[in-house]
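The values are calculated or read from the model by the stated rules, or taken from the named source; none is laboratory data. The model shown is predicted, which means the values in this text are computed figures rather than measured ones. Because the Cβ atoms are built from the backbone with ideal geometry, glycine has one as well, and the counts that use them run over all protein chains shown.
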C-alpha cells in the first residue's frame, strides 16, 4: 500500500539540501501509536504539525520524507481519545528523498500532473444529498471490496480538476461524508465538471489501481459519466 523502506534507519535530521519540488522533509519530535496508525508530531522549517502514517516503527529524531498527504481538520482519534485540530495523513512516507523519488512519489515534470499530488483538504460544512440509487463516499470507503468492479453512482462536489492527463480528466470529489481519513474520491472521465460544481458521477470502481509513474490509487472511479450538474450553493 504505502511505499516505506526502513524508515527507522534513516538519518536523524532532514538533509540540508534542495529537495525535489513538492517533497517535504520533516524531523520527528513525538510519536503516538494506535492499532493502525502512527501519529507523528514533526518539525519542518521550524514549523511544527501533526501527521499520520500506517503504523511503522519510528522514534523521535528520525526523518521522514513525503509528497502526498490529506489534511484532516478537527480529526478525532478514538484510540487516543484526542482531537487533532489538523493532521496530515501521509500517503507515501519514505526514509530518504532518493527512495521517495525511486517509488514515483517525487514531483513529476508535467505541471498539471504534479498539481494532482498536492494535499487535498477536506471541505468544511459540505453537505451534498446522496444521488437516487447511489451511495455516499463514506459508504464506499467502509466496504470498498463490495463495490469493486461494479458501476455505482456518487454525487459530490468537484474540488479539483486536472484535464487531459493520460487521455483522461481527473476530478477530486467530496460529498461531506468520510470514513476515517478517507473523504475524497478520485474520478476519471472523458467529460469535464468544473471546480465548484456538484454532479452525479456514474462509473466503475477499481481497487489498487496502478497507472505507473507513482500514480497508485487504493480506490478510484473510472470512466465516469456525470449528470445533474449544478453550481454548489
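Computed quantities for the displayed model
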quantity: Scope region 140-155; condition surrounded by fewer than 18 Cβ atoms within 10 Å (Cβ to Cβ) and within 14 Å of residue 184 (Cα to Cα); matching residues; calculated: 142, 144
quantity: Test: residue in region 174-185 that is in the same structural domain as residue 133 (by TED's automatic domain parsing) and more than 19 Å from residue 141 (Cα to Cα); calculated: no
quantity: Whichever residue in region 44-53 is at pLDDT below 95 and surrounded by fewer than 22 Cβ atoms within 10 Å (Cβ to Cβ) and, among such residues, is nearest to the chain's Cα centre (by Cα); calculated: 44
quantity: Tally, over region 189-216, of residues that are at positive phi and either modelled with pLDDT of 95 or more or surrounded by fewer than 13 Cβ atoms within 10 Å (Cβ to Cβ) (or both); calculated: 4
quantity: Some residue of region 122-130 being in contact with a strand residue (DSSP E or B) (Cβ under 7 Å, 6 or more places away or on another chain), surrounded by 21 or more Cβ atoms within 10 Å (Cβ to Cβ), modelled with pLDDT of 90 or more and assigned by TED's automatic domain parsing to the domain that holds residue 217; calculated: yes
quantity: Search result, residues across region 46-70 that are closer than 20 Å to residue 85 by Cα and part of a loop (DSSP other than H, G, I, E, B); calculated: 46, 68
quantity: Search result, residues across region 190-205 that are under 20 Å from residue 148 (Cα atoms) and under 19 Å from the mean Cα position of the chain (by Cα); calculated: 205
